[in-house]
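The values are calculated or read from the model by the stated rules, or taken from the named source; none is laboratory data. Predicted, not measured: the structure shown is a model, and the values here were computed from it. Methodologically, a virtual Cβ is constructed for each residue, glycine included, from the backbone with ideal geometry; neighbour enumeration extends over all protein chains shown. When the accessible area is computed, the model is the full protein with side chains, heavy atoms only, and any ligands, DNA or RNA have been set aside. Shrake-Rupley method; radii C 1.70, N 1.55, O 1.52, S 1.80 Å.
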Amino acid sequence: MSTAARPSATGTPSLHLPAGSAAAGPYALAVSPESAGWGYSGLRVLELAPGAAHTLETGPDEVVVVPLAGGVVVECDGESLALTGRADVFAGPTDFAYLPLGSTATLQSADGGRFALCSARAARRLPVRYGPAADVPVELRGAGRCSRQVNNFATAGVFEADALIACEVITPGGNWSSYPPHKHDETSDVESELEEIYYYEVSPGPGGQPGLAYQRVYGTPDRPIDVLAEVRDRDVVLIPHGWHGPSIAAPGHDLYYLNVMAGPGEDRAWRIVDDPAHAWIRGTWESEDVDSRLPLHSPGRPHQNGARP
């Protein structure tokens with residue numbers, strides 16, 4: 001259970017981290033394996049003022065730098081990677097940078113911005129690399145009100161890493177994603193053991209009204225967990241185990257979430273199983289169209305109705 005989590009009204013630590021509740025030092029959000037009480041996944045969000053710079057040590061982690069808003073120059077191991085970034089998370093996929101374990105990196109942003117540092121405990125030291133936005137596969141999953149868009153920038157089979165798996169999900173207002181509920185907390189031929197972090201951004205209403213969404217996480221009889229969180233812009237939900245989904249976008253407010261995953265498996269695989277009580281919903285998608293609002297502001301190439309949640 002997360003030591004960074006804010007206690008609930010009953011005094012029990014919560015897996016829902018409201019915006020600002022897990023800030024630390026220069027980071028607007030800081031979740032490490034130690035603070036989350038698990039072994040592998042981490043996420044920090046760095047906000048830089050125009051012209052500001054930040055130096056970080058990756059230590060035992062591999063790190064992927066993902067611009068959420070704005071651009072940044074990343075210098076590491078003698079390489080200088082200029083990330084163009086994007087205006088915001090709803091403006092399409094972004095370019096990104098991979099940083100190896102045991103390295104020192106400097107991030108500098110001429111115009112300022114907000115940057116996610118997705119991390120995982122790693123065993124192999126891979127080289128510094130640049131990931132172009134044009135190479136990020138954009139996938140449309142589900143159909144009807146279960147339609148969503150996935151930017152697979154650092155998923156297994158797309159971008160090489162030692163342990164880290166990460167992607168972005170865009171859900172139009174009024175739709176459900178991460179549905180049917182699924183889990184990945186055991187190691188088997190059909191499932192991978194992966195800790196997961198959900199980081200949310202929610203588009204405001206026409207007058208700038210703050211948006212909201214909902215996240216459900218629930219357990220199995222032998223591993224109980226019970227989360228029903230009203231999430232708002234820049235909140236986080238930690239998922240150590242259990243069925244997770246749906247992620248529900250309120251009408252009028254598009255929902256973005258960044259998924260960061262890692263676990264003990266040596267094959268870096270993302271294998272999931274659906275909750276049998278809800279798995280039937282996949283069979284209805286063949287008779288429905290993908291939501292016409294998708295892809296949402298995306299220059300990528302969509303691939304419809306993927307098998308993943």
Quick check: pseudo-label points 7 Å beyond the Cα along Cα→Cβ at V158 and A24, how many nm apart are they? 2.8
I'd like the trypsin sites (Lys or Arg not before Pro) in region 54-126 restricted to DSSP loop residues with at most 11 other Cβ atoms within 10 Å, sorted by number. R124
Carbon plus sulfur fraction of accessible area for the chain, probe 1.4 Å, in percent: 53
Solvent exposure of region 169-260 as accessible area per residue, Å², 1.4 Å probe: 35
How large are Rg and Dmax for region 80-203 when only the alpha carbon atoms are used, in Å? 15.9, 47
Additional length obtainable on full extension of the chain from D135 to S287, 0.36 nm per residue less Cα span: 51.7 nm
Along each of the three principal axes of the Cα atoms of region 19-146, give the extent in whole Å, ordering the values from largest to smallest. 44, 36, 32
Distance (nanometres) between label positions extended 7 Å along Cα→Cβ at H278 and R124: 3.4
Given contacts defined as C-alpha pairs under 8 Å and at least six residues apart, what's the relative contact order of region 9-152, whole-number percent? 25
Hydrodynamic radius by Kirkwood for the chain, inverse mean 1/r across distinct Cα pairs, in Å, is 19.4
Under 8 Å for C-alpha pairs, at least 6 residues apart: give me the relative contact order for region 188-237, rounded to a whole percent. 40
Candidate cut points under GluC sites (Glu not before Pro) in region 75-163, DSSP loop plus at most 15 other Cβ atoms within 10 Å of their own Cβ, are E160
Could you do me a favour and compute the accessible area per residue for region 57-153, 1.4 Å probe, result in Å²? 32
Rg(Cα)/(2.2 N^0.38 Å) for region 152-194, N = residue count: 1.41
Please give the calculated 222 nm ellipticity per residue for the chain, where each DSSP H segment of at least 4 residues contributes -39500 (n - 2.57) and the sum is spread over every residue; nearest 500 deg cm²/dmol? 0 deg cm²/dmol
Mean Cα-pair separation over length for region 28-100, i.e. relative contact order, pairs under 8 Å, 6 or more apart, %: 25
Each label sits 7 Å from Cα toward the beta-carbon; between V190 and R223 the label points are separated, in nm, by 1.6
